[in-house]
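What follows is one structure encoded as structure tokens, with my remarks underneath.
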Amino acid sequence: MIHDDIAGFAAALPRTGAVAGLDLGTATIGVAVSDGMRHVASPLETIRRRKFTTDAARLLEIVQARAIVGIVLGLPLNMDGSEGPRCQATRAFARNLARLTDLPIGFWDERLSTVAAERALLEADTSRARRAEVIDHVAAGYILQGALDRLAHMGAADGG
């Protein structure tokens, strides 16, 4: 089930369990996962995109192996908050993925996540070649951490 807002996504999640975050690019999919209590996002891997069925099969392998209970997709909004062609592609990917899994799927504003990931990697003195290898799943980690922080804030507001 796809949830356009984080509140609907939060309501569909069980109380505990790991969540995956995805940074969808045209050539790659960055994947990050959380711990079971949803405190920390950890970059996991970058999937080289081939075709949807192959990409989805790898994602579902990760979901099963890591006991993932929900998926957050970075939504690449324009800087003015409007949706462009990349958002449409992300929403189409979510619809296709929802046909293959019953897990809740949510969206998180990913503006500047790649910029933040690049800055962190530069500060860590990561080589250009290594940055190219890891940027997508590091960006997925930023996307997921943003969503986790919001979920935690919502839980605190609920008294939970």
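The values are calculated or read from the model by the stated rules, or taken from the named source; none is laboratory data. As the structure is a computational prediction, the values presented were derived from the model and not from experiment. FYI the Cβ positions are ideal-geometry reconstructions off the backbone, even for glycines, and counts take in every protein chain you see.
At a glance:
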quantity	calculated
Selection status of residue 62, out of contact with any Gly (no Cβ under 7 Å at 6 or more places or on another chain), more than 14 Å from residue 24 (Cα to Cα) and aliphatic (A, V, I, L, M)	yes
Meets criteria (in contact with a Cys (Cβ under 8 Å, 6 or more places away or on another chain) and at pLDDT below 95) for residue 85	no
Residue, modelled with the highest pLDDT, within the stretch 98-141, restricted to residues that are of a type in the set (A, V, I, L, M, F, W, C), surrounded by 21 or more Cβ atoms within 10 Å (Cβ to Cβ) and part of a helix (DSSP H, G or I)	140
Some residue of the stretch 48-60 being touching a Pro at 6+ places or on another chain (Cβ under 9 Å) and modelled with pLDDT of 95 or more	no
